[in-house]
2 protein chains.
Amino acid sequence: MKNNAITSRDIDFGKWYTDVVRAAKLADYSSVKGCIVIEPNGYALWERMQEILDKKFKELGHVNCQMPLLIPESLLKKEGELVSGFAPEVAWVTIGGQKELEERLCIRPTSETMFCDYYKDHVKSHRDLPMLYNQWCNVLRWEKETRPFLRSREFLWQEGHTIHATREEAEKETKQMMDVYHWFHNEILAIPSICGKKTEKEKFAGAEYTLTNEALMYNGVALQSGTSHYFGQKFAEAYGVTFTNKENKEEFVYQTSWGTTTRMIGGLIMVHSDNFGLVLPPRIAPKQVIIIPIGQKEEVISLSLKYQEELRKEGITVDVDRSEKSPGFKFAEAEVNGIPLRIEIGERDLEKGNVTFVRRDTREKIQEKVDLDITSYVKNMLDTIQKDMYERALKRRKELTFEAHNLQEMESILNTQPGLIHAMWCGKRECEEKIKEIKGCKSRCILEKGEKIDSKCVCCGAEAKEHVIWALQY
Amino acid sequence: MKNNAITSRDIDFGKWYTDVVRAAKLADYSSVKGCIVIEPNGYALWERMQEILDKKFKELGHVNCQMPLLIPESLLKKEGELVSGFAPEVAWVTIGGQKELEERLCIRPTSETMFCDYYKDHVKSHRDLPMLYNQWCNVLRWEKETRPFLRSREFLWQEGHTIHATREEAEKETKQMMDVYHWFHNEILAIPSICGKKTEKEKFAGAEYTLTNEALMYNGVALQSGTSHYFGQKFAEAYGVTFTNKENKEEFVYQTSWGTTTRMIGGLIMVHSDNFGLVLPPRIAPKQVIIIPIGQKEEVISLSLKYQEELRKEGITVDVDRSEKSPGFKFAEAEVNGIPLRIEIGERDLEKGNVTFVRRDTREKIQEKVDLDITSYVKNMLDTIQKDMYERALKRRKELTFEAHNLQEMESILNTQPGLIHAMWCGKRECEEKIKEIKGCKSRCILEKGEKIDSKCVCCGAEAKEHVIWALQY
C-alpha cells in the first residue's frame, strides 16, 4: 500500500522529493526564507555522516577547530577572485549591539579567508607544516531558488583547509580527500559516483583547480556532492602566509580546501528512495533494524527483546517498537522512515516457529525459522541490502549514461531522458556556454583518464582535448 | 621548571588565564573583534564535552535537530521579555545578496523563538508530547568586554528546548537537566558545583524561574556554568503553541530550555590549571596518557608500543610521542597541554627494570617496576588523579566560602579575599542592587533547601526569606 501523502516519483519527481522529505520528517520549511529546520530524523542522518567522515579525517591526521562565523569586509576582499565569486551571495551584518558597525561583517559563505588569517600568524618554519585543519559548521549563501537539503541559504558542512610545504604534498592532499569522498559515497551511501576535474568555468573561485565528486540522481539529473580544491600559493600570496623552507628561504605555503554538506542527504533520497518513502543503505541508517512485536503475548515480547539484545551486542542499531500504536501503523512508519530491515514477530507465526523479515529496499517479505542465528542472519541481510542498493543505483546510472558526438545528439538526449552525457570538448569556454543553452546542461567534470570517444569537439567540431561528462544539475 | 611564557597565577590571575589559553593552544584572538578562533586543542576538549553530554541527553530521550541561524525581527518581537532581554545585544543582518532586506534578521542569541515557531505547527495532541529537542550550534551576543571562552561575541553551545503536556512534567525536566549539569561538572570536570534558583533579577528573560549551576574559580570568583529554565506557558502563549489535552480541551504547552557552552573550558582552566599550564581531569582529557621514549633503543621503543597497545585495548586514550623533538621539549609540551599522566621510558632506567610515571596534577614522579600490570596501574592512577583534583577543588572552595550577617562583613570579605558568601536576604530587589554596589557582587543562587543562617536580611535587616549565595562573577 502506497503512502498517500507521497506523490509518485515518475509523475512529479520534484514534488515526490519534497513529499519524501516531509513524510520521513527529515526537514521542514521555516519562517526564514530559504532556510530549513533540520528535524531529528534528518539530523540523525547528518550525525551518522559526521561520525564516519570525521573518523576518517582524523585517521588521516586532520584536527578540528572552529573559526569565527563573521568575516570583516576588508579581510574578505584581499583575494580578488574569491570575493568576486562570493560577494553577490553573502549576507551582511551591519548593526551590532544597536550600533551601526564601522565595518560590515559578512556571514561566512566559506572560510578560506579566516583560515589564511589564522595560518599567517601560526606558521613559521617547514617544521610547522603541514597544518591539516577541518571544521564542522554552518555557512550562508544568499541563494534565490532553494530546495530542502539541495540548496538552502544556510547549510551545514565540513570544510577542510590545509597548508603544505610543497606543491606535491598539497596536490596529494587534494586528491586524497577526493578519494575519501568517493569512498564515502560508494561504500557508505551506496551512491556510485564519478570523480574528475572541473572546467575553468566551473571551478571554485580562486582555485588552481577543483576536483569534484558527481552522482546521478534517479531522474537523470546530476548532483555535485563533495569538492576538493588545490589553491597553489594564490591565497597564501593574498594573505601573506609564508614559511621558511628547508633551504632556509621564505616561501608561500601550498594550500587546499575540501568540503561536503548536508546536501548529501538530498542525494541519498534522490538515488535510493521510492514511492513509499525514504530508503536508507544500512551503513548510513541511524537505525538499521526495527523489531515490531504483534500483540502483547509474553513469548512475542521476550523474543523481541532477546533479538534486540543479541543484535545490539554485535553493534547493530536496533529498537523494539513497544509503543501503543497499531502494528499496521508501525509498519508504515518504519517504511516511510527508511529503516533497512524490519522484523515482525507475531503470535500465530511464532506458534509455527516462524518470524518475518521485511527488506525496505525491495519490500520483500521473508519467513524464517525462529531459531535461526539472528546476528549472522541480520548481518548478512544488511550487507546484501547495502550491496544490492549500490548495484541498483549503478544499473540505473548505466541506463542513463549516453554518448554524444554532436549538438543534435546532445539535444535529443536531453529532450528525451536526461542523464550523464559523455562527449569530447575542445576546451573553449564558448562551447561550454553554447552547450549550457540546451536546458542549462553543464559540464560536470573532465575525466582525467578518459579515453577518447571522438576526435572532435561535440560543439564546434574543432580538435577535441578533453573527455567531459555533461548533465543537467541541481 | 616553570613555563616562562606563563604569568604566575598568584601575581596576575587574568594574565595567567590568557597565558594558559595561549600556551596550551586552546584558542587565539581573531581579526573579528570579540570573536576567537578555537584551536584544535581547545576544540578537542569541546568535542569530549559534546560526546559525554550528548550521550546523556540521548539516554534521557532527547533528539538533536538544527534550527536556522537567523531570526526575523517580527518573530523575535513576539515575546516581550525575551526581546527586551536580548535586543540590546544582537547583531542584525540587513543586506542579503546585495539587496537591502525588507525585514532585518538577527543572528540567534538563543533559539526559544525558532523552537516555538516550529513546535506550533508540529504539535496537535497530548500524544505528540513531550517533544524533547536539543541543538548544538553557534550563537552570537554583542558583548562589550570579551575574554576567551568566558565571554565572547560568538560562542558554541547546546540548547535543549522541550515542551510538555503538564506543568509537573516540565518542571521535572527543568530539574533533571540541572542535575545532568551538576553531574557533569562534579563527576567529569572534577569541578564541585552548587545548584540553586536565580533571583527574579538574575533569571533568564521570559522564564518563570531559572536554575543555575555555579562553580567557584581558584581566585574566588564565581562562574555560572549551565542554566535550566522553566517557562510555564509564557512562550507558548506568545507563539501560539497549543495542544489538545486528555480532556480534549485546547491548552498551551509547558516549556523548558537548558544550555551549556564553551565557557566550561574557561571554568576547567580556572579551577584546575597552574603555573605550568593546563591541568585536565582524566575523564575529560582528549588524551589521557602520553608515553615518551627517551632515545631510540629498540627495547625502549618496543616497550613504549607495548604499553600503548595494552592501554588502548582498555579504552584509554594514549599516544607514543615518537617525534624528532628532544625528550625535555616533549615533557614540557605534555605538561603545558595538561595530559593527566606521562610515562617516561629511558634506556638507563630500563636496565634497572624501572619506568617513570609523572602525574600532571601534582607533578609527582613515581618510579615503578617495568613488569607491573600496566593497564590496572594506569586505570587506578587516572581514577586517583580525577578524585584528587575534585578534592583539591572542593578544599579550595571550602576555604573560600564565607558567611556574612551584615553589609560590613560582606564588604570586608570582598575586599580581603573574594569567594562564595552565604547570607540571608529579604527578597527585595533594592537590597540586591545595593549589594551589587560592593565591587559588583551579585546573587549567584537561592539555596532551595538552605538552612537559615540568620533571621535578618544581610542588607536591610528586615526579616529574611532566602538563603542566598553571593559572589563576584565572570
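The set of residues from the stretch B:254-264 being outside any strand (DSSP E or B) and either modelled with pLDDT under 95 or surrounded by fewer than 24 Cβ atoms within 10 Å (Cβ to Cβ) (or both) comprises just one member, B:Arg263.
Being more than 23 Å from B:Lys56 (Cα to Cα) and in a strand (DSSP E or B) is the filter; apply it to the stretch B:112-165 and report the residue that is nearest to the other protein chains (Cβ to nearest Cβ). Ranking the candidates gives B:Glu154 first.
For the stretch A:67-88, the count of residues that are of a type outside the set (A, V, I, L, M), modelled with pLDDT of 95 or more and surrounded by 23 or more Cβ atoms within 10 Å (Cβ to Cβ) is nonzero.
This table checks each residue for (1) part of a helix (DSSP H, G or I); (2) at the interface with another protein chain (Cβ under 9 Å from one of its Cβ atoms); (3) more than 16 Å from B:Trp142 (Cα to Cα).
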{"residue": "B:Ala44", "(1), (2), (3)": "yes, yes, yes"}
{"residue": "B:Leu53", "(1), (2), (3)": "yes, no, yes"}
{"residue": "B:Lys58", "(1), (2), (3)": "yes, no, yes"}
{"residue": "B:Gly61", "(1), (2), (3)": "no, no, yes"}
{"residue": "B:Val93", "(1), (2), (3)": "no, yes, no"}
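Yes/no matrix, rows are residues, columns are (1) touching a residue at least 60 places away in the same chain (Cβ under 8 Å); (2) closer than 22 Å to A:Phe155 by Cα; (3) not hydroxyl-bearing (Ser, Thr, Tyr):
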site: A:Arg9; (1), (2), (3): yes, no, yes
site: A:Leu26; (1), (2), (3): yes, yes, yes
site: A:Leu69; (1), (2), (3): yes, yes, yes
site: A:Gly80; (1), (2), (3): yes, no, yes
site: A:Val90; (1), (2), (3): no, yes, yes
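Take the conditions (1) touching a Lys or Arg at 6+ places or on another chain (Cβ under 9 Å); (2) in contact (Cβ under 8 Å) with a residue 24 or more places away in the chain; B:Arg397 misses just one of them, which is (1). Taking the stretch A:185-195 as the range and being on the phi < 0 side of the Ramachandran plot and buried (at least 23 other Cβ atoms within 10 Å of the Cβ) as the test, the residues that pass are A:His185, A:Leu189, A:Ile191, A:Ser193.
Do we find that B:Ala236 is modelled with pLDDT under 95, under 25 Å from B:Glu112 (Cβ atoms) and not assigned by TED's automatic domain parsing to the domain that holds B:Glu430 in this structure? The answer is no for B:Ala236. Looking at the stretch A:433-454, can you tell me whether even one residue there is touching a residue at least 12 places away in the same chain (Cβ under 8 Å), of a type in the set (Val, Ile, Thr) and touching a helix residue (DSSP H, G or I) at 6+ places or on another chain (Cβ under 6 Å)? Within the stretch A:433-454, one or more residues are touching a residue at least 12 places away in the same chain (Cβ under 8 Å), of a type in the set (Val, Ile, Thr) and touching a helix residue (DSSP H, G or I) at 6+ places or on another chain (Cβ under 6 Å). Restricting attention to the stretch B:69-91 and to residues that are in contact with a Pro (Cβ under 8 Å, 6 or more places away or on another chain) and within 24 Å of A:Glu73 (Cα to Cα), the residue that is nearest to the other protein chains (Cβ to nearest Cβ) turns out to be B:Glu89.
Residues of the stretch A:409-447 that are over 19 Å from A:Tyr474 (Cα atoms) and of a type in the set (Asp, Glu): A:Glu409, A:Glu430.
Given the residues A:Ala222, A:Ala205, which is the only one that is in contact (Cβ under 8 Å) with a residue 40 or more places away in the chain, in contact with a helix residue (DSSP H, G or I) (Cβ under 8 Å, 6 or more places away or on another chain), among the small types (Gly, Ala, Ser) and not assigned by TED's automatic domain parsing to the domain that holds A:His422? Quick ask: steps written out before the conclusion?
On the way: A:Ala222 fails: in contact with a helix residue (DSSP H, G or I) (Cβ under 8 Å, 6 or more places away or on another chain).
The conditions single out A:Ala205.
Within the stretch B:289-305, residues that are assigned by TED's automatic domain parsing to the domain that holds B:Ser326 reach no partner that is assigned to a strand (DSSP E or B) and of a type in the set (S, T, N, Q) with beta carbons closer than 8 Å at six or more positions or on different chains.
The values are calculated or read from the model by the stated rules, or taken from the named source; none is laboratory data. This is a predicted model, so every value here is computed, not measured. Positions of Cβ are generated from backbone atoms using ideal geometry, with glycine treated the same way; all protein chains shown enter the neighbour counts.
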